[in-house]
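First up is the structure itself, then whatever we jot down about it.
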Amino acid sequence: MGRPKRRQLGQNFLIDPQVIQRIAALTKLNPPRVLEIGPGRGALTGALLERFDRVLALEVDTGLIPSLEANFEGTALEIRSSDALKEPLDPLLAAEKPWQVAANLPYSVGTAILRRLLPRHDLVTRIVVMLQAEVVERLVAEPSGSGHGLLALERAAFADASVAFDVPPGAFRPQPKVHSIVAVIDLKPPEFSRNELKAAFHLASHGLNRARKTLPNALKPLVDLEQIERSGLDPGARPGTLELADWVRLGSDVAEAGNATE
Ligand code: SAM
């Protein structure tokens, strides 16, 4: 298997020392260990090593690992050649939990990696992540706000998130085409059960794919008008205006109605 192309790996390396220090400073001192995803050439890694005695880094590009090892020899850095989309999290993190995560993630994998981490409050307390601005806007969006969709609902279920600061393309080499945003994500135990969330996300992903329609049309054929009214939702509302708790209630009501007719 050849090395994946650099462009696919989103290799825009940070070169602005102020941005690097500001990202590192958003990690807390406790828990005293951090997982870095995609250390690249180690720009952020060095700043993390100044704050933590335990830094574990996952890098998928094997070509970058020898120089990382050489540059950080004798430090507390442990580097693993690994794909953060696939690496099983429990064997990696459970023995020393909890962790913080710090990452400058490429667009190609950023959302998927975040989705893996969001439900893992048992392993991770805080994620400090830089992503393409548009992804962070979708992550922190509130109902009715622009960009509100499934990612925001997943975040609402598992975490509190806030925008820390914007990073212009000039902070990277090579420069990306888009602006980035650093976000702080604090994971929390979910208020709803796994089954409730599964049903809620199933309905929400169906409805939000038809976001311009009103609820009864957007949710066809999964939910009918009577059910929407019985769940106390406005049939004239659009899917993007519903909060997580609305989707959970609707999902539970639909499941209950299904059980009653079985
Ligand atoms: N942290 C460095 C910095 O800020 O300069 C590099 C950031 S660069 C945007 C993203 C890094 O993530 C690259 O080193 C890339 O090889 C790595 N990467 C991409 N996909 C990955 C994956 N699935 N698992 C682990 N690392 C990955």
DSSP bridge orientation in the stretch 2-187 - percent antiparallel, rounded to nearest 5: 45 percent
Which of Gly74, Leu118, Val101, positive extreme of dipole for the chain (C-beta unit charges): Gly74
Distant-in-sequence amide H partners of Ala164 (H built 1.01 Å from N, under 5 Å): Val182, Ala183, Val184
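From the Cα trace of the chain, what convex hull volume per residue do you get, rounded to a whole Å³?
147 Å³
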Lysine pair count for the chain [Cα-Cα under 25 Å; pairs on different chains or 8 or more apart]: 11
Order by protection proxy (mean Cβ within 10 Å, highest first), peptides 49-58, 212-221: 49-58, 212-221
Most positive-pole-ward Cα, Leu85, Gly10, Leu222, against dipole of the chain from beta carbon charges: Gly10
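None of the figures in this text is laboratory data; all of them are computed from the coordinates on show. Keep in mind the model is a prediction, meaning the values are calculated, not measured. FYI the Cβ positions are ideal-geometry reconstructions off the backbone, even for glycines, and counts take in every protein chain you see.
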